[in-house]
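The values are calculated or read from the model by the stated rules, or taken from the named source; none is laboratory data. Keep in mind it's a predicted model, so treat the numbers as computed, not measured. Positions of Cβ are backbone-derived with ideal geometry, glycine not excepted, and every protein chain shown enters the neighbour counts.
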Ligand code: IVH
């Protein structure tokens, strides 16, 4: 196909795909089969691969994902993303109303009430009508840029048409996973015997931060918009006009909002939605009340954390009654035994609850729980539902008292209970399977050794086969041994071994975290590594020396000492050292490799093949250059990887800053 033919075919396909998507997603009807639709899309994707420069920034092919981002760009919000103050009852609501009246010096104003959607806030930036950046809330000042993932959300317009659009505008809203999608996903997981997802909110948030946008596309996230930033630029003067404008422009707006003249009308809205909200396709946990007029919003202003012109009202946590069928006991990585209530499935705030945590034996005693009891379960803002009480009136005559097991349900060892601690522990640290596999899972997690080529099932299988009894055994796994197991092929086996091999480069502080010493989380591990730059120094440190390190308290110091006092742990470290893992802190001051880049300023953007982004930045520094965050006329070069944002490219071109490919950069530093 010639280039000209490709141009017209791409235009034709784009038009057809957009037409059929609109029918399917917005008009609830279809004219072609899914198969035919997929064929059109596949043709478009193939043409775009053949002629990459013909891929439009708003091509419908982006809805299916494909971009893989190794690390998200942290970017500054143009307008800070604040949170809202909360109210829990009518009195607090009236107090808010009084503050607003006082602040404005008049009663001449109105409110808009909306539901408070329980998802993840996302800010969308449009340049000349084109979606160019999507940023998570982060700490409110800076967030992660997740543009590729946001583009897979069907309800997020890739382009906004309009005559009077400002050069740049920003809109905000809530990304959520529809309850139906969440339930289907969990059902699938249950069938596969995988761990269930806690709730739609965390799943949406985790999905939005996935590295592979193809998976994000398959997760069917959705979005409601509820805020237009700087509406003045669009000649919009009120929030209600803004949401109307958003809907007209093609954004999805939940049509559940209403203007309210006073607190009584707000309360009527709250009451109306208390039950009705459960028929919505997503979780909501309250309502948001906003002063409608922008000029009045400005007059009221902000506190350091939240606007004075808006507040949320939280509905009470919901509870349901159901029967306690059984209590099972889970053994964690540290050997602690957690009782879990297995319930007769019950619908609670839109999700089916089958299990609830009971924490420990004291909690069971406090609740005076018996098998067969009817219990109340509650779901607050928190993930795992709680058993909050027993309906004693319904206690059956034959109810059975709960007896906490005396022996470990996994390995049969007699449980112990340490004085002053609520939990029972299985002391069989070295032989109890879930403790072993739990430690391995902790060790390989992303923040630790980051071995993502093995999952929980494989770990359990290796453990059953006797190949994996501690984390050091990972480094003794052989190709022949793995490939001989059922379900392992050459390719998968190599992948596992490569993942393990790569972990040998993981820095000391993360290895330290991976060891799973009690109370040594990621930050503590970093502090310890700074204070004791080798594992030898750390293991030799006294309690006083440990406590002398910033942020290390007595409890941590004791735990570290205890860990190194165990000969098995010392042997484990020795084995890991021999396997080639890092046990020395990498020096901060970078050795100068050359001064090839002396005095030059670089901006790094996109994903690279040869380097991780941080490595590339380091390479710039070691060759005498400087990395800056944004492109200006003082920038000497932009190093562009895949996925460099179109706005950055345009800016570089406009300012005539040379754009280097990764290869050109490598040549420049002579590597
Ligand atoms: S307006 C200045 N409207 O609640 C804050 N927020 O605690 C403007 N949220 O981060 C936010 N539904 O993620 C607004 N209808 C709604 C909302 C809403 C949910 C979330 C949002 C925000 C958080 C504030």
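Is it fair to say residue 203 is farther than 29 Å from residue 96 by Cα, within 16 Å of the ligand (Cβ to nearest atom) and either part of a helix (DSSP H, G or I) or without any contact (Cβ under 8 Å) to a residue 24 or more places away in the chain (or both)?
yes
Residue 434 - would you say it is modelled with pLDDT of 95 or more, touching a strand residue (DSSP E or B) at 6+ places or on another chain (Cβ under 6 Å) and not in a loop (DSSP other than H, G, I, E, B)?
Yes; evaluated as a whole, the condition is true for this residue.
Mind telling me which of the residues 98, 107 ends up being away from the ligand (no atom under 16 Å from the Cβ), without any contact (Cβ under 8 Å) to a residue 24 or more places away in the chain and not in a loop (DSSP other than H, G, I, E, B)?
Of the residues listed, the single one that is away from the ligand (no atom under 16 Å from the Cβ), without any contact (Cβ under 8 Å) to a residue 24 or more places away in the chain and not in a loop (DSSP other than H, G, I, E, B) is 98.
Within region 283-305, which residues are within 11 Å of the ligand (Cβ to nearest atom) and closer than 15 Å to residue 257 by Cβ?
284, 286, 287, 288, 289, 290
Being within 30 Å of the chain's Cα centre (by Cα) and part of a helix (DSSP H, G or I) is the filter here; which residues of region 50-69 pass it?
60, 61, 62, 63, 64
Restricting region 243-261 to residues that are part of a loop (DSSP other than H, G, I, E, B) and within 14 Å of the ligand (Cβ to nearest atom), which is nearest to residue 169 (Cα to Cα)?
251
Hey, could you check region 172-193 for residues that are over 22 Å from residue 279 (Cα atoms) and more than 19 Å from the chain's Cα centre (by Cα) and say which is modelled with the lowest pLDDT?
This residue is 193.
Is it the case that region 525-535 has a residue that's more than 29 Å from the chain's Cα centre (by Cα), part of a helix (DSSP H, G or I) and either touching a residue at least 40 places away in the same chain (Cβ under 8 Å) or over 22 Å from residue 449 (Cα atoms) (or both)?
Yes, region 525-535 contains a residue that is more than 29 Å from the chain's Cα centre (by Cα), part of a helix (DSSP H, G or I) and either touching a residue at least 40 places away in the same chain (Cβ under 8 Å) or over 22 Å from residue 449 (Cα atoms) (or both).
Do you know which residues across region 206-235 are within 16 Å of the ligand (Cβ to nearest atom), crowded, with 17+ Cβ neighbours inside 10 Å and either without any contact (Cβ under 8 Å) to a residue 40 or more places away in the chain or not in a helix (DSSP H, G or I) (or both)?
Within region 206-235, 221, 222, 223, 224, 225, 226, 227, 228, 229 qualify.
One residue is enough: does region 321-338 have a residue meeting the conditions closer than 22 Å to residue 115 by Cα and out of contact with any helix residue (DSSP H, G or I) (no Cβ under 6 Å at 6 or more places or on another chain)?
There is no residue in region 321-338 that is closer than 22 Å to residue 115 by Cα and out of contact with any helix residue (DSSP H, G or I) (no Cβ under 6 Å at 6 or more places or on another chain).
Identify, please: which residue in region 177-200 is more than 16 Å from the ligand (Cβ to nearest atom) and part of a loop (DSSP other than H, G, I, E, B) and is, among those, farthest from residue 131 (Cα to Cα)?
Step by step, filter region 177-200, then rank; the result is 193.
Select from region 71-89 the residues that are loosely packed, with under 15 Cβ neighbours inside 10 Å and away from the ligand (no atom under 12 Å from the Cβ) and write down the one among them that is farthest from residue 122 (Cα to Cα).
Among them, the one singled out is 89.
One line per residue, one yes/no per condition, for (1) assigned to a helix (DSSP H, G or I); (2) modelled with pLDDT of 90 or more:
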| residue | (1), (2) |
| --- | --- |
| 305 | no, no |
| 313 | no, yes |
| 340 | no, yes |
| 344 | no, yes |
| 354 | no, yes |
| 362 | yes, yes |
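Output the residue which, of all residues in region 367-398 that are under 18 Å from residue 329 (Cα atoms) and modelled with pLDDT under 90, is surrounded by the most Cβ atoms within 10 Å (Cβ to Cβ).
Going through the qualifying residues, I end up with 385.
Of (1) within 16 Å of the ligand (Cβ to nearest atom); (2) closer than 24 Å to residue 60 by Cβ, residue 142 satisfies all except one. Which?
Only one criterion in (1) within 16 Å of the ligand (Cβ to nearest atom); (2) closer than 24 Å to residue 60 by Cβ is unmet by residue 142, namely (2).
Has region 306-323 got any residue that is surrounded by 15 or more Cβ atoms within 10 Å (Cβ to Cβ), within 16 Å of the ligand (Cβ to nearest atom) and under 30 Å from residue 393 (Cα atoms)?
yes
Is at least one residue of region 153-176 within 26 Å of residue 385 (Cα to Cα), within 16 Å of the ligand (Cβ to nearest atom) and touching a residue at least 60 places away in the same chain (Cβ under 8 Å)?
yes
Taking the residues in region 117-131 that are surrounded by 22 or more Cβ atoms within 10 Å (Cβ to Cβ) and within 8 Å of the ligand (Cβ to nearest atom) as candidates, determine which candidate is farthest from residue 143 (Cα to Cα).
Checked region 117-131; the qualifying residue farthest from residue 143 (Cα to Cα) is 117.
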